[in-house]
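Trainee: Take a look at this one; I'll ask things after.
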Amino acid sequence: MQESERIRVGILSLIVVIVVSQIALFAQGTREIPDAVFYNGKVITVDGLNSIREAFAVKGDKFLAVGTSREMRALAGPRTELVDLKGKAVMPGMMDNHNHAYHAAMANRGIDLKDVTSLAALLEGVRKAAAAAGPGKSGWQLNKFPEKHPPMRQDIDKVAPNNPVVIYVNRGQIYLNSPALKIAGVTRNTNRIGRVVIRKDDQGEPDGSITGESGTVARIADMISPATHAEKEKLLIETQKQQLAVGLTSVRDLQLAPDFMRTYYEMWRAGKMLQRISAGLQVNPSDMETLEEMLKPFGVGVGFGDNWLRLDCLAEFNPGSIWRSGNPAPAPNIEAAIYKNAILVANRYGWRVSPHTDSDGAMDLVLDAFEAADKESSIRDKRWTIEHATYVQLDQMDRIKKLGLVISAQAQLYRGAANAVRTLGKERAERAVPIREFLDRGIMVTGGSDWGGNSDSNNPFANIYFYVTRRSIDGNVIGAAQKITRAEALRVETINNAYLTFEEKIKGSIEAGKLADFVILSQDIMSVPEEQIRAITPLATYVGGKLLYDARTTIPKN
């Protein structure tokens, strides 16, 4: 071959490479000029191949194309914003599969004493707040108190005798003083409010402890210290900002009463939403016998809405909890026939259900009801969900697989490992939240926090750290056999959660045509030492291509 021929062949090869590259780009729909190009990074796409790319382009609220830095920059027009990632890692926006954002927001009213270390310190905080407010003012909801030192009515009365006080622990537990009990209509003759038992002291007077069905507890708190719509909206916006600061672009907010939905609806209508919300409507045990009355006039169902606000499920059909009972295998707190009928009713009206299921006894109750519903009208393609799945027997996993259920798991053991060992025993605790076993059986697993419920943290990087290491916050490994890989953990927190909300085709990965929800990371989550995973923070969080959190200008609230 002559020298001139070799040169010609080389030129033709270069042309072929360029043409093929451009064809690939056009195939992704890149004829449009992007609004922004992010280049020179490590783009963890979480696509079907877990591809790592260098750059991507954004047009409007969607990813326009993904590829090399050269390819993406070649798409830019004169007005395209060029963002040099300077080698930083980027991943899809994360989602929380089980979050109580509304309740967490309302708990942030008043003063925050979550870090107090004694009952005396907590009461001193209440005293100062009551003194500053003046007699009769209410709303002092505290979002945490030290365990084993509960503040009883008499304790709170000593420091706030004239102010209604609500000490908020979680959705199912509050403590009230005498003025608050009076507003709630609780006297020595009150034994129950719905399914909430009113505890009494040695003299037969209410001791101020209100614990039980979360919906009823929340309504009691709201009765004592009602918030205006403007207050609720402000609190929800602040909560969404906090969640964006930890990299959460979407949240599945469960157990929302219809009136709680009003605030989200007004925010959505006004274009004020900062996060994408999938809302699970509240169904408590006390609602089960009358569920048909609730659903029959309801004109819409699962999937109604858009990519900012949508209806997701009925939740949580709670048949009892191992954590509140302190019993490793508590008996369900509702009759099997009533429970099964409620599940059948939900299926008949086209709703999927997401029951709280954290013990093997509750799991049998739930699976029996699901199997009955499936016989009546198949649920296998409806992505019905098991919430928590804390402890599951192997035969129950087979039943879960057969029904095509989705596991909504949370990393509560990261903070609660010691409590799990106390409650379940060491051997059972080792198998708690068995994500490795679920994945090995081909069962879809999603991840989240239960923030605002039984967790005071919504940090997804702590979740990923726990999934990968099974190491709790106290440094102990619990259930090493249940470890999963980093790539698997990222899918659990992103694309799998999109599947959970029927949105895997529009979000959950960095691919052309999908919603441009993404996070720029402080460190590369795929290569940092394991112990540093939980220390990763977002440098920036984008939702629909818009920068909604920037670490350079925003200090997130913990």
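The values are calculated or read from the model by the stated rules, or taken from the named source; none is laboratory data. Please read all numbers here as calculations on a predicted model, not as lab measurements. Heads up, the Cβs are rebuilt from the backbone with ideal geometry, glycines too, and the neighbour counts pull from every protein chain shown.
Trainee: Output the number of residues of region 512-533 satisfying the condition of being part of a loop (DSSP other than H, G, I, E, B) and either in contact with a Pro (Cβ under 9 Å, 6 or more places away or on another chain) or buried (at least 24 other Cβ atoms within 10 Å of the Cβ) (or both).
Mentor: As a first pass, look at region 512-533 and keep what is part of a loop (DSSP other than H, G, I, E, B): 512-514, 516-517, 522-529.
Next, only the ones that are either in contact with a Pro (Cβ under 9 Å, 6 or more places away or on another chain) or buried (at least 24 other Cβ atoms within 10 Å of the Cβ) (or both) stay: 514, 516-517, 522.
Adding up the residues that qualify gives 4.
Trainee: Provide a single number: the residues in region 73-92 that are within 12 Å of E32 (Cα to Cα) and buried (at least 19 other Cβ atoms within 10 Å of the Cβ).
Mentor: 1
Trainee: Taking the condition at pLDDT below 90, in the same structural domain as Y499 (by TED's automatic domain parsing) and among the acidic types (D, E), does D259 pass?
Mentor: On the way: at pLDDT below 90: yes; in the same structural domain as Y499 (by TED's automatic domain parsing): yes; among the acidic types (D, E): yes.
Here the answer is yes, as D259 does meet what is asked.
Trainee: Separate question: Go through the residues of region 460-483 one by one and say whether even a single one is within 18 Å of the chain's Cα centre (by Cα), assigned to a strand (DSSP E or B) and more than 20 Å from A279 (Cα to Cα).
Mentor: Checking region 460-483: not a single residue is within 18 Å of the chain's Cα centre (by Cα), assigned to a strand (DSSP E or B) and more than 20 Å from A279 (Cα to Cα).
Trainee: Can you name the residue in region 462-494 that is acidic (D, E) and buried (at least 17 other Cβ atoms within 10 Å of the Cβ) and is also farthest from F438 (Cα to Cα) among such residues? Full working, then the answer.
Mentor: Residues of region 462-494 that are acidic (D, E), as a first pass: 474, 488, 493.
Keeping just the survivors that are buried (at least 17 other Cβ atoms within 10 Å of the Cβ) gives 488, 493.
Values: E488: 12, E493: 15 Å.
Filtering region 462-494 for residues that are acidic (D, E) and buried (at least 17 other Cβ atoms within 10 Å of the Cβ), the one farthest from F438 (Cα to Cα) comes out as E493.
Trainee: Going through region 359-376 one residue at a time, which ones are within 21 Å of D312 (Cα to Cα) and either out of contact with any Leu (no Cβ under 9 Å at 6 or more places or on another chain) or outside the structural domain of E437 (by TED's automatic domain parsing) (or both)?
Mentor: Answer for region 359-376, where residues must be within 21 Å of D312 (Cα to Cα) and either out of contact with any Leu (no Cβ under 9 Å at 6 or more places or on another chain) or outside the structural domain of E437 (by TED's automatic domain parsing) (or both): just V366.
Trainee: Could you list, in sequence order, the residues of region 439-459 that are in a helix (DSSP H, G or I) and buried (at least 20 other Cβ atoms within 10 Å of the Cβ)? Give the steps one after another, and end with the answer.
Mentor: We begin by selecting, within region 439-459, every residue in a helix (DSSP H, G or I); these are 439-440.
Selection gives nothing.
Trainee: Output the residues belonging to region 196-229 that are among the small types (G, A, S), under 24 Å from the mean Cα position of the chain (by Cα) and within 22 Å of Y264 (Cβ to Cβ). Please lay out each step first, then the result.
Mentor: From region 196-229, those among the small types (G, A, S) are 204, 208-209, 212, 214-215, 218, 221, 225, 227; that's our starting set.
Narrowing further to those that are under 24 Å from the mean Cα position of the chain (by Cα): 212, 214-215, 218, 221, 227.
Result: S214, G215, A218, A221, A227.
Trainee: With the requirement that a residue be among the small types (G, A, S) and within 16 Å of G93 (Cβ to Cβ), what does region 515-557 give you?
Mentor: Restricting attention to region 515-557, the residues satisfying the condition of being among the small types (G, A, S) are 516, 522, 527, 535, 540, 544-545, 551.
A516, S522, A540, G544, G545, A551, listed by residue number.
Trainee: How about region 191-240: which of its residues are among the polar types (S, T, N, Q) and modelled with pLDDT of 95 or more? Walk me through how you get there before you give the answer.
Mentor: Filtering region 191-240 for residues among the polar types (S, T, N, Q) gives 191, 203, 209, 211, 214, 216, 225, 228, 239-240.
If the condition is that a residue be among the polar types (S, T, N, Q) and modelled with pLDDT of 95 or more, then T239, Q240 are the ones that fit.
Trainee: Among (1) modelled with pLDDT under 80; (2) within 23 Å of the chain's Cα centre (by Cα), where does M106 come up short?
Mentor: That leaves (1) as the condition not met.
Trainee: Let me ask you something else. Return a yes/no flag: does region 119-138 have any residue that is modelled with pLDDT of 90 or more and crowded, with 17+ Cβ neighbours inside 10 Å.
Mentor: Going residue by residue through region 119-138, those that are modelled with pLDDT of 90 or more are none.
So far as region 119-138 goes, no, none of its residues is modelled with pLDDT of 90 or more and crowded, with 17+ Cβ neighbours inside 10 Å.
Trainee: In region 261-280, which residues are within 21 Å of S354 (Cα to Cα) and crowded, with 22+ Cβ neighbours inside 10 Å? Break it down into steps so the answer makes sense when it comes.
Mentor: Applying the first criterion (within 21 Å of S354 (Cα to Cα)) to region 261-280 yields 261, 264, 276-280.
Hits for region 261-280 are Y264, R276, I277, S278, A279, G280.
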